[in-house]
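Visitor: Pasting a structure below so you can have a look.
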Amino acid sequence: MASVPKLLLLVLCSYHTLAAHVRGDGNYTVLSIGSLKSDNHVCSEPEATSQSTGVTTVPLHHRHGPCSPLPSKKMPTLEEILGRDQLRAAYIQRKFSGGDAKQGGVQLLDLDVTVPTTLGMSLDTLEYVITVGIGSPDMIQTMFIDTGSDVSWVQCEPCSQCHSQADPLFDPSLSSTYSPIPCISDTCAELGQEGSGCWRSQCQYIVRYGDGSSTTGTYGSDTLVLGPNIVTNFQFGCNYVDSGFSDQTAGLMGIGGGPQSLVSQTAGTLGAAFSYCLPPTPSSSGFLTLGAVPGGQGFVMTPMLRSSPVPTFYGVTLEAIVVGGRQLFIPPWVFSAGAIMDSGTVITRLPWTAYSALSTAFRAAMRRYPPAPPSSILDTCFDFSGQRMVVIPTVALVFSGGAVVNLDANGIILDNCLAFAGNSDDWSLGIIGNVQQRTFEVLYDVGGGAVGFRAGAC
């Protein structure tokens, strides 16, 4: 038994040695190795609240975590996650690949390629869910959230071809407020020729995702319950036929910037702004706030860029990267292709020149740890064997307008690798993934044209 206090003393001494090192140099931070392999059996729900004056806030959970209402808690392997993530990132970048790439890349504000808004991302990459009520009386539905999607949908009775889900199927015939949308309506026309049809005078929708999966059914409206708040005439797809899905969710809640999204539909009543906080580990919780009012304390703000041909995505301009307190030498033109914020992409994608500079600087600051083999798309990896805590350099992303976002330690390292990946060139769109967004309240002030970040929100 005497060995236990000695072991504890050793751990404490190690921690204080590391902490003293970091206090002496604010350009480094300590990362617990235990946080990289979070406990997937115990739900930890700390106080996670929006700093904005929000109209409604609902809890947000990792789909595979113990806080999730879904029955399956089995986490996919890192290789599986990164493989799916690569498919999603490539699909997003193809949507923005119009024009002559060598003439300065794709500009979010001047994009000249038209892409049907009915095309969505691969659902296999989505990680975060919320629980809402639909109908009168309301039926509980657990849904993915996705900034890369606009059309929301749930599986409905009678469903001829549906995947298994944790919640009972939504039955529109049991709701006194459900109404199918007529074929001859502006709402149906907005879905586009490739995304809509007509059956018995009712508007039909179809969403085809980048991984080949799809959802088809009737486009209608009903009451949506978000926590204590009620949204009337919420428009969504009532799915009767889907293919390619294997999760336990009821459907998807689109929070993109297109006209069909939850954000656009509630802009008139809740305001054209929303925010979320993605938790640092699957065993903790975050939140989604609708109607968030900008101006909360602690936010750093950067202008939001939008593209009318591709209205789903929220763009930002990355201008610099700081590692260990030192700004990397990256020519400004490297970031000219622009970047988007995406809740569904896991790993941030950077222009090759920017990623190369980041990787080189990070390796140099991590010389005390032996290198490790690459893990899928992650090629800056380290051997942390025998370590309980590691010292890593701080990393900050600098956006236009002077917004400096100092990443949480869990947003720098994934497993044992630097949680960034490089594009194959400097002309492809950058993507700010959810690993880097974790623990921040990310505010999308759509009406005001700005994106904000508040550290330590969940």
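The values are calculated or read from the model by the stated rules, or taken from the named source; none is laboratory data. Values in this document were obtained by computation on a predicted structure and should not be read as measured data. Ligands, DNA and RNA are excluded from the accessible area calculation, which covers all protein heavy atoms including side chains. Shrake-Rupley method; radii C 1.70, N 1.55, O 1.52, S 1.80 Å.
Visitor: Classify region 124-214 from the C-alpha gyration tensor, please: rounded if a/c falls under 1.5, else prolate or oblate depending on whether a/b exceeds b/c.
Guide: Numbers: a/c = 1.70, a/b = 1.11, b/c = 1.54.
Here region 124-214 falls in the oblate category.
Visitor: List the residues whose amide H sits under 5 Å from the amide H of Y128, counting only those 5 or more places along or on another chain, with H placed 1.01 Å from N in the peptide plane.
Guide: So Y128 has HN proximity to R63, I145.
Visitor: Same structure again: Could you tell me whether region 181-239 comes out rounded, prolate or oblate from its Cα gyration tensor? Rule is a ≥ b ≥ c as square roots of the eigenvalues, rounded for a/c under 1.5, then prolate if a/b exceeds b/c, otherwise oblate.
Guide: Numbers: a/c = 2.40, a/b = 1.33, b/c = 1.81.
Oblate, since a/c reaches 1.5 and b/c is not below a/b.
Visitor: Skipping prolines and chain starts, which residues have an amide H placed within reach, meaning under 5 Å, of the one on M139, given they are 5 or more residues away or on another chain?
Guide: Here I134 satisfy the definition.
Visitor: Turning to a different aspect of this structure: How many Å² of accessible area per residue for region 254-410, probe 1.4 Å?
Guide: Numbers: 5270 Å² over 157 residues.
For region 254-410, the solvent-accessible area averages 34 Å² per residue.
Visitor: Give me the accessible area of V405, 1.4 Å probe, in Å² rounded to the nearest 10.
Guide: Answer for V405: close to 10 Å² accessible.
Visitor: Search the structure for amide H atoms under 5 Å from the amide H of N423, placed 1.01 Å from N in the peptide plane, and list their residues when 5 or more places away or on another chain.
Guide: For N423, whose amide H was placed from the backbone, the distant partners under 5 Å are L350, W352.
Visitor: So, taking all protein chains as they sit and a 1.4 Å probe, how much accessible area belongs to D425, in Å² rounded to tens?
Guide: Roughly 50 Å² of D425 is accessible to a 1.4 Å probe.
Visitor: So what are the ³J(HN,Hα) numbers for region 353-370, from phi and the Karplus equation (6.51, -1.76, 1.60; θ = phi - 60°), rounded to whole Hz, Gly and Pro as x?
Guide: The phi angles translate into 4, 5, 5, 4, 5, 4, 4, 4, 5, 5, 4, 5, 7, 10, 4, 5, 10, x Hz.
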